[in-house]
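**Student:** Below you'll find the structure I mean.
The values are calculated or read from the model by the stated rules, or taken from the named source; none is laboratory data. Here the structure is a predicted model, which means the values were calculated and not measured. Positions of Cβ are generated from backbone atoms using ideal geometry, with glycine treated the same way; all protein chains shown enter the neighbour counts. The accessibility values were calculated without ligands, DNA or RNA, using every heavy atom of the protein model including side chains. Shrake-Rupley method; radii C 1.70, N 1.55, O 1.52, S 1.80 Å.
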Amino acid sequence: TLATKQNDPVLMELLGKLKEISSRGYLPSIGGGDSGVGLTLESELGIKKNSSKQPDYHGIEIKASRKNRNANRVNLFSRVPNWKLSPIGSASNLLDAYGYMRDGKQKLYHTIVSGKKNSIGFHLIVDQVRGLLKQYAGNVHLVTWELNKLREALEQKHSKTMWVKAEVNIDEFGRECFHFTSARFTYGPLLSQFDRLLKDGNISVDFTLSSNGTRTRDHGYLFKIDPANLDILFPPPIHYDLTSTT
């Protein structure tokens, strides 16, 4: 029940730490760019940067974002394709065939959705009959994921999640600073909604591949969602005011 979730001792411990961090006001960003807000909060919580499939804090995943920036998609999880079911065969083959040169490296950084082709013709098709998510270049099938594996990844990563929002300020040194002021807690993603959000183009996939000429680096196949659609993917959340002392 909702009351049971609210009395979870790990959740209460995390909430106490978040309120203590909030009480210190604006904190200078660790690193730059979009990831700065998440890295700053994780550092304050003593969480080391990692790419683990496991949740961040004793079974609770933590996602931090800037307030009033709803346009930025949030990363749900990363999942490597099933290369045995993928006609392209491997990440290196994909990069060789469709990559571009930038900053002395071969790269393939693209956002891909269902129902609309991107600038190089990449798009997704949800094949629910076979239980597959397929990525195409035009009419050419390249990459495949199994839908049940994607649902498992979502359930594993987001059985419990704290979505934290931060106010943003720039200090006298020109640094971005964050004041973590609110949070909402979700649990048990609605797996039946995942396929629909993919099919409707509301969950996207980011390819993040690069090569320096000797080896292919895979920075993840990132499944992302617009924050406005989180209410479709999760039951009603529990809201917290981190500036409150009660």
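**Student:** Hey, any idea what % of the chain's accessible area is carbon plus sulfur with a 1.4 Å probe?
**Tutor:** About 49 percent, which is the carbon plus sulfur part of the accessible surface.
**Student:** Based on the mean of other beta carbon atoms within 10 Å per residue, what is the order of 58-67, 157-166, most packed first?
**Tutor:** Result, highest mean first: 157-166, 58-67.
**Student:** Top mean-square fluctuation among 143, 129, 74, Gaussian network model of the chain, C-alpha springs under 10 Å?
**Tutor:** Taking springs between Cα atoms under 10 Å, the residue moving most is 129.
**Student:** Separation between the residue 116 and residue 20 pseudo-spin-labels, each 7 Å from Cα along Cα→Cβ, expressed in nm?
**Tutor:** Rounded to a tenth, the inter-label distance reads 4.4 nm.
**Student:** Search the structure for amide H atoms under 5 Å from the amide H of residue 86, placed 1.01 Å from N in the peptide plane, and list their residues when 5 or more places away or on another chain.
**Tutor:** 144
**Student:** Here's a follow-up. Between region 81-100 and region 183-224, what is the separation of their alpha carbon centroids in Å?
**Tutor:** Distance between centres, Cα-based: 17 Å.
**Student:** Ordered by packing density, taken as the mean number of other Cβ atoms within 10 Å over each peptide's residues, highest first, how do 221-231, 205-215 rank?
**Tutor:** 221-231, 205-215
**Student:** Sticking with this one: Show me, for region 170-179, the HN-Hα J-couplings you get by feeding each phi into the Karplus relation (A = 6.51, B = -1.76, C = 1.60, θ = phi - 60°), rounded to Hz, glycine and proline as x.
**Tutor:** Ordered by residue, 3J(HN,Hα) equals 10, 7, 5, 9, x, 8, 6, 10, 10, 10 Hz.
**Student:** Return one whole number: the accessible area per residue of the chain in Å², for a 1.4 Å probe.
**Tutor:** For the chain, the per-residue accessible area is 51 Å².
**Student:** Pick out which of 112, 170, 232 has the largest mean-square fluctuation in a Gaussian network model of the chain, springs linking Cα atoms closer than 10 Å.
**Tutor:** Result: 170 has the largest fluctuation of those listed.
**Student:** Still on this model: Between residue 159 and residue 74, how many nm apart are label points set 7 Å from Cα along the C-beta direction?
**Tutor:** 2.0
**Student:** Continuing with this model, one more query. Using the Cα atoms as the points, what is the convex hull volume per residue of the chain in Å³?
**Tutor:** Once divided by residue count, the hull of the chain is 142 Å³.
**Student:** Okay, next question. Per residue of the chain, what 222 nm ellipticity follows from adding -39500 (n - 2.57) for every DSSP H run with n ≥ 4, rounded to the nearest 500?
**Tutor:** -7000 deg cm²/dmol
**Student:** Moving on to the next point. At 0.36 nm per residue, and after removing the present C-alpha to C-alpha distance, how many nm does the segment from residue 149 to residue 241 gain when stretched out fully?
**Tutor:** Result: 29.6 nm gained on full extension.
**Student:** How long is the gain from residue 84 to residue 35 if the chain were fully straight, where each residue apart is worth 0.36 nm and the alpha carbon distance is subtracted?
**Tutor:** Length difference between fully extended and current span is 14.4 nm.
**Student:** Under 5 Å between amide H atoms, partner at least 5 residues away or on a different chain: which partners does residue 132 have, H built in plane at 1.01 Å?
**Tutor:** When sequence neighbours closer than 5 places are left aside, the close amide H contacts are 127, 147.
**Student:** I would also like to ask the following. Determine, from the Cβ-Cβ distance of residue 229 and residue 175 and an R0 of 45 Å, the FRET efficiency 1/(1 + (r/R0)^6), rounded to the nearest 0.05.
**Tutor:** After rounding, the FRET efficiency stands at 0.90.
**Student:** Follow-up. Have a look at the DSSP beta bridges in the chain and tell me what percent are antiparallel, nearest 5.
**Tutor:** Among the beta bridges of the chain, antiparallel pairing accounts for roughly 90 percent.
**Student:** Something else about it: What residues qualify as long-range amide H neighbours of residue 114, i.e. H under 5 Å apart, gap of 5 or more or another chain, H built at 1.01 Å from N?
**Tutor:** It is 124, 201, by chain and number.
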